[in-house]
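The values are calculated or read from the model by the stated rules, or taken from the named source; none is laboratory data. What you see is a predicted model, and the numbers here were worked out from it, not measured in a lab. Reconstructed Cβ throughout: ideal geometry from the backbone, glycine too, with neighbour counts over all protein chains shown. SASA here: full protein model, heavy atoms, side chains in, ligands and nucleic acids out. Shrake-Rupley method; radii C 1.70, N 1.55, O 1.52, S 1.80 Å.
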Amino acid sequence: MHRPATFAALLGLTRAASAIGDFWVQNDFCARVKGASDAAPVTYEDPASKEKTTHGTADGRKACLHHCLTYTTTQAIVAGLGARALGIRVHPGAAAAALALSFGTHYIADRRVPGHGVLEKLADKTGKTNFYKLADFGMNGAFHLDNSWHHGWETVAALIATTKATAR
């Protein structure tokens, strides 16, 4: 099997699955609460009942964990079915390592506790604070930095997933 072609196929599959997992599979509760902390609680209003609940650190961690589990499951399903359809046999250990990297780095980025999140701190250290906080002119800097973080780690995960890949 030609490794560059395998890499391109797996990267395309995981990139598509990432968008599906982040924007279609993630529920509203997780999207809004995953960055909650006791110091910066999030009030969530249920769209159906209009009931308001307040959530702190424990709920924020649970929401982020739930999102990362559904996100990574989406990647596993899409990449697994896509690889099978393309005649690529991914080594189980390489697939598990790639998915674990994707899960862990996604949790790190999406647990955006105001003032304490990894992406916010990284933006501060690299002179991107103003871009991170940008939420105007049709732009959202935090979203774009989050997305580029995920793209970078998905690339590394796709490289890992090609390890010992063979043709079916």
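Below, the figures for the structure above:
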read-out	value
Estimated FRET transfer efficiency (ASN140, ARG168; beta-carbon r; R0 25 Å; 0.05)	0.05
5 angstrom amide H check on ARG89, placed H, neighbours 5+ away	THR166, ALA167, ARG168
Residue-normalised accessible area of the chain, expressed per residue, 1.4 Å probe, Å²	55
Order by protection proxy (mean Cβ within 10 Å, highest first), peptides 9-16, 141-148, 44-51, 120-127	9-16, 141-148, 120-127, 44-51
For SER18, net neighbour charge (Lys/Arg +1, Asp/Glu -1) across residues whose Cβ lies under 14 Å away	-3
Full-extension gain in nm, THR129 to THR73, via 0.36 nm per residue minus C-alpha separation	16.9 nm
Apportionment of accessible area to carbon and sulfur, region 1-150, percent (1.4 Å)	63
Percent of alpha-carbon pairs separated by more than 23 Å within region 29-168	46
30 Å Cα cut-off, lysine pairs counted over region 27-161 (separation 8 or more, or different chains)	17
Rounded to whole Hz, the Karplus (6.51, -1.76, 1.60) HN-Hα couplings of region 6-20, x for glycine and proline	4, 4, 4, 5, 5, 5, x, 5, 6, 5, 5, 5, 4, 4, 5
J(HN,Hα) series, region 43-55, from Karplus relation 6.51 cos²θ - 1.76 cosθ + 1.60, nearest Hz, glycine and proline x	9, 10, 10, 5, x, 7, 8, 6, 6, 9, 10, 10, 10
